[in-house]
Ligand code: ATP
Ligand code: MG
């Protein structure tokens, strides 16, 4: 009897070989920009103590309340798959002494897990690249982070992302604002959806983050946090805007931008697109000066962002931009007896020694000329190298262009490396 098929877990995707070239392309570009700004990679565990997330992200956030993959392991420890990267980064920084009189510019890449309803641009396993800077409190570093993200899109060729910024002020300013919001929304209780009713009791700022269009008119006329800012935060925000103006980055001040996580203060920002429906936030970040202390370290200023790779890849796929591919440059057809195979493999190694950038796919497994040509064609290679018994005897190699009308070429094997070097 056929065995029952085991499928992937809902909301967790395989990224198949035909998709990996675009992923590699995005990752390579972003890593290059991060590197050019002097950010260093940190690699962190996927599993952390559940308490790390409840203490940092906040007990009454969607993530901690209903989106985490949490379980008790064999020792009875409460663990969670990380829903985001910042908490783990702060944990590592404290535990490994990275914040000791040091400025750190760090970045990470990896899977995150949230138990959400899967749809385009929203999955239960997804990938983020994020960066975090520790030990700097000025608006200049906030600006640097934003400028760096702007450079990602520019390098990727994406021009439809819009930047929104806001300031959440100090903790005290937010507490005062929180009360104002409670007073305001309480007057409209009957108009609040279920989520907002719940948030009114637990985390009223999050009502502003609602994705329900019916809530928008009420949110629009709500008191604004920007009007309640403490003087220092006002100054910080004004300077950030000046820096962005100076460097020519376009932005919109969005007074309703509060972010889904609790730990932010002062600067918050999002890069948004209209191309992906309601999953329009590509990148989100801000300042979180109290988090290090909240997790058990000293007071260390911090600012960072995370971007969703699935959403970026979707944007690139939907765009008119040329799609990268990893097709081989040349397909090596080897047809004949054992001697031919031996010489073919040897020749392929010599080519790889001499031309490290050459993408060479060698036909392995005996098969007819015809089927090897079919494979060569399917591989996307532009050139076929052919070694058969004739070539073996005469120390030659035949070259056939697969995508252009050009006559086939027969070369001495000794000339092959030079010939390929001179191809564009
Ligand atoms: P959203 O409002 O779309 O739920 P969020 O505020 O929960 O996003 P963050 O926690 O700030 O998102 O994460 C940063 C980025 O990670 C998002 O802007 C998005 O690009 C991506 N992201 C978040 N959740 C998911 C998910 N479930 N699937 C795919 N990408 C995600
Ligand atoms: Mg979310």
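Tabulated data
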{"read-out": "Peptides ranked, highest mean first, by Cβ atoms within 10 Å: ranges 88-101, 38-51", "value": "88-101, 38-51"}
{"read-out": "Computed P(r) (all Cα pairs; segment 214-271; 10 Å bins; percent)", "value": "18, 48, 29, 4"}
{"read-out": "Long-range Cα-Cα pairs in the chain (distance over 28 Å), rounded percent", "value": "59 percent"}
{"read-out": "Semi-axis lengths, Å, segment 1-152, gyration tensor of Cα atoms, sqrt of 5 times eigenvalues", "value": "30, 23, 14"}
{"read-out": "Most mobile listed residue (142, 194, 275) in the chain, GNM with C-alpha springs under 10 Å", "value": "194"}
{"read-out": "Segment 226-360: mean projected area of Cα convex hull, nm²", "value": "16.0 nm²"}
{"read-out": "Antiparallel %, DSSP beta bridges [both residues in the chain], to 5", "value": "80 percent"}
{"read-out": "Principal-axis tilt of helix 309-318 within the chain, Cα atoms, nearest 10 degrees", "value": "60 degrees"}
{"read-out": "Protection proxy ranking of 128-135, 349-356, 280-287 - average other beta-carbon atoms within 10 Å, highest first", "value": "280-287, 128-135, 349-356"}
{"read-out": "C-alpha long axis of helix 338-354 to longest principal axis of the chain, angle in °", "value": "50 degrees"}
{"read-out": "Rh (Kirkwood; distinct C-alpha pairs) - segment 322-381, Å", "value": "12.3 Å"}
{"read-out": "Space enclosed by the convex hull of the alpha-carbon atoms of segment 122-208, per residue, Å³", "value": "175 Å³"}
{"read-out": "Anisotropy class of segment 145-282 from Cα gyration tensor, a/c 1.5 cut", "value": "oblate"}
{"read-out": "Percent RCO, i.e. relative contact order, over segment 199-355, from Cα pairs under 8 Å lying at least 6 residues apart", "value": "13 percent"}
{"read-out": "Order by protection proxy (mean Cβ within 10 Å, highest first), peptides 216-226, 9-19, 56-66", "value": "56-66, 216-226, 9-19"}
{"read-out": "Tilt relative to the chain, helix 369-379 - C-alpha long axis, 0 to 90 degrees, to 10", "value": "20 degrees"}
{"read-out": "Most mobile of 53, 369, 152 in a GNM of the chain (Cα contacts under 10 Å)", "value": "369"}
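Computed from the coordinates by the stated procedures, all read-outs in this text should not be read as laboratory data. Please read all numbers here as calculations on a predicted model, not as lab measurements. Don't worry about glycine lacking a Cβ; one is built from the backbone with ideal geometry, like all the others, and counts go over all protein chains shown.
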